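Notes follow once the structure below has been shown.
The values are calculated or read from the model by the stated rules, or taken from the named source; none is laboratory data. The structure displayed is predicted, hence computed values, not measured ones. Please note: Cβ atoms are built from the backbone with ideal geometry, for glycine as well, and neighbour counts cover all protein chains shown. Side chains are part of the model used for accessible areas, which takes the heavy atoms of the whole protein and leaves out ligands, DNA and RNA. Shrake-Rupley method; radii C 1.70, N 1.55, O 1.52, S 1.80 Å.
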Amino acid sequence: MSEWRNWTGDQRCLPARIERPAGRGELVESVKGATDEGLTVRAVGSGHSFTDAACTGGVLLKMDELDRVLDVDREHGLVKVEAGIPLRTLSESIWGFGMALENLGDIDVQTISGAISTATHGTGSRFRNISSQVEAVELVLGDGTLLEVSRTANRELIPAVRVGLGALGVIATVTLRTVPAFWIRRTDSPLPLDEALARIQDLADGSDHFEFYVFPHTDVALLRQSERTDEPARPPNRALEFGQEIVLENLVMGAIARIGRLVPSRIPRLSRFVASQVAKSTKADRSYRVFSTRRLVHFTEMEYAFPRRYAAEVIPRVLAEAERADPPVGFPIEVRFVAADDSMLSPVHEQDSCYIAVHQYRGMAWEGYFRAVESIMDEYGGRPHWGKRHFQTAETLAERYPRWGDFLDARARLDPEGSFRNEYLDRVLGAPESAAAAA
């Protein structure tokens, strides 16, 4: 048996076997072959989930060979792709057709199926998460059936499959709604934290895409304000871009993180040094190039969505926990804003939200810090990002999602035998009734 590890390296499992299907036919065969043997099935993309969502002792399907663009409908702005295509590859492919995804997160190496299944998001108070752009899905069920879910077939399942956690089947293809290609001009600038908090709602609505970062033990916020334009941007200076995004944001930050892991008592001083180096800068380029950043420093992460009206109240409380944490925290907290959607298990279901993400460097203790932050989020009905660490269970989550029962009904309909269950899904959704009885 071969061991599988996620990007950070702290989630590991030993599947009975790992398969790499290269087309829908092979994918169907893999799923049906596994279930015929009585094995469970999980699909995995780039491994950028910080939870054990992909782990299995059954058959693990690596989706990296399912990476083609299948159809482009320029008239209606639709693109159909295989489930394993990375977001960066997808964005580059459709740019040549004058198309783009309306919003993306700051990491673009995830597969489209992994990104939508965990409700991965970007930022922008008028924009929803990536899964909201899904128009149709082809889903492989446990018996090998290929099920279409679209506006013309099984339409009632769209709000379930858009954020399905891999609990309903294995995604074979995704059809996405796009927008005309656009450029972004982004401005990064420091602002005193108190002023940022006082203006937080206006700042969130004042840019097409707004977010900010703040290091614990400092009083300066790094604002990131992005504006969309249809006018081509001047080509960026690649040398300056390399210096900022690779050297400073990755190599220097990596060195600082390693020093902090060796000598934790230096972390507050190191954080103040990093914050003192923040200066105003701009970047203009194709939308997908500005949305994303390179991440070479490995870490683990937790992220929660909660009603955005509480942002100015919650952020200082999270910072206080970061500053009390032992060992000290050297990574910034990240604050973003996302519009409500209607996906059953979306963290922003029917709720305009603020997201707060907290991080800890790989190899350093994180659980006490994350639990303290989660206890704050519980007070505000916070909903966890499904691909990031949290300690919730089906019992604690059910009341936070108005259509929780509808999702469980869809799961019972599409996976009655529990073919796609694993320990993570048993914890956060509960075990399927028939599978639980058999276990």
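Estimated purely from DSSP H runs of n ≥ 4, each contributing -39500 (n - 2.57), the mean residue ellipticity at 222 nm for the chain is -8000 deg cm²/dmol once divided by its residues.
For the chain, find the longest principal axis of its Cα atoms and tell me its angle to the long axis of helix 311-324, 0 to 90°, nearest 10. Taking the Cα atoms of the chain, the angle to 311-324 is about 80 degrees.
Please say if the range 217-360 is rounded, prolate or oblate, where rounded means a/c under 1.5 for a ≥ b ≥ c the square roots of the C-alpha gyration tensor eigenvalues, and otherwise the choice is prolate for a/b larger than b/c and oblate otherwise? Verdict is oblate for the range 217-360.
Here the accessible area is traced with a 1.4 Å probe on the protein chains. For the range 355-430, carbon and sulfur cover 46 percent of it. With both labels modelled 7 Å from their Cα along Cα-to-Cβ, the Arg413 to Glu231 distance reads 5.0 nm. Taking the convex hull of the alpha carbon positions in the range 141-237 and averaging its projected area over all directions gives 11.1 nm².
Scaled against the 2.2 N^0.38 Å expected of a compact globular protein of N residues, the Cα radius of gyration of the range 303-358 reads 1.26.
A quarter of the convex hull surface defined by the alpha-carbon atoms of the range 53-120 gives 5.2 nm² as the mean projection. Sorted largest first, the spans of the alpha carbon positions of the range 361-403 along the three principal axes are 37, 20, 14 Å. Building the convex hull from the alpha-carbon atoms of the chain and averaging its projection over directions returns 19.8 nm².
Cβ-Cβ distance of Glu249 and Thr152, R₀ of 60 Å, FRET efficiency by 1/(1 + (r/R0)^6): the value works out to about 0.85.
Every Cα-Cα pair in the range 84-159 was counted, and those over 19 Å apart are 43% of them. Measure nothing but the geometry: give the 0 to 90° angle between the long axis through the Cα atoms of 253-262 and the longest principal axis through the Cα atoms of the chain, rounded to 10°. Roughly 90 degrees between the two axes. When cysteine pairs in the chain are screened for C-beta atoms closer than 4.7 angstrom, the residues that find no partner are Cys354. Annotation for the range 151-181: trypsin sites (Lys or Arg not before Pro) lying in DSSP loop with at most 11 further Cβ atoms inside 10 Å of their Cβ are Arg151. For the pair Ala198 and Thr393, label points projected 7 Å from Cα toward Cβ lie 4.5 nm apart. How much of the accessible area of the range 128-168, in percent, comes from carbon and sulfur atoms when a 1.4 Å probe is used? So the carbon and sulfur contribution to the accessible surface is 48 percent. Relative to the longest principal axis of the chain, what angle (0 to 90°, nearest 10) does the C-alpha long axis of helix 24-36 take? Roughly 70 degrees, rounded to the nearest 10. Judged by the mean number of other Cβ atoms found within 10 Å, the most tightly packed of the peptides 32-41, 353-362 leads the ranking 353-362, 32-41.
For the range 13-106, the fraction of 1.4 Å probe accessible surface lying on carbon and sulfur atoms is 44 percent. Most simply put, the chain has about 90% antiparallel DSSP beta bridges, counting only bridges with both residues inside it. Here the contact order of the chain, divided by its residue count and restricted to Cα pairs under 8 Å and six or more residues apart, works out to 17 percent.
Short to long, the 5 Å bins of the Cα pair-distance histogram for the range 134-193 hold 4, 15, 22, 16, 8, 6, 8, 8, 6, 5, 2, 0 percent of all pairs.
Heavy atoms of the protein chains alone define the surface here; on that basis the chain has 40 Å² accessible area per residue at 1.4 Å probe size. Magnitude of the charge dipole for the chain, about its Cα centre and with charges confined to Cβ atoms of Lys, Arg (+1) and Asp, Glu (-1), is about 1240 debye. Viscosity 1.306 mPa s, temperature 10 °C: give me the Stokes-Einstein translational D for the range 272-423 in µm²/s, with Rh taken as the Kirkwood radius over C-alpha pairs. In µm²/s, the coefficient rounds to 90. Straight-line cross-link reach from Lys32 at under 13 Å between alpha-carbon atoms covers these aspartates and glutamates, not counting any fewer than eight positions away in the same chain: Glu19, Asp143, Asp415, Glu417. In a DSSP loop and with at most 10 other Cβ atoms within 10 Å, there are no GluC sites (Glu not before Pro) in the range 129-163. The loop-placed GluC sites (Glu not before Pro) in the range 1-30, going by DSSP, that have at most 15 neighbouring Cβ atoms within 10 Å of their Cβ come out as Glu3. In this simple spin-label approximation, Ser375 and Ala16 carry label points 7 Å from Cα along the Cα→Cβ vector, and these lie 4.2 nm apart.
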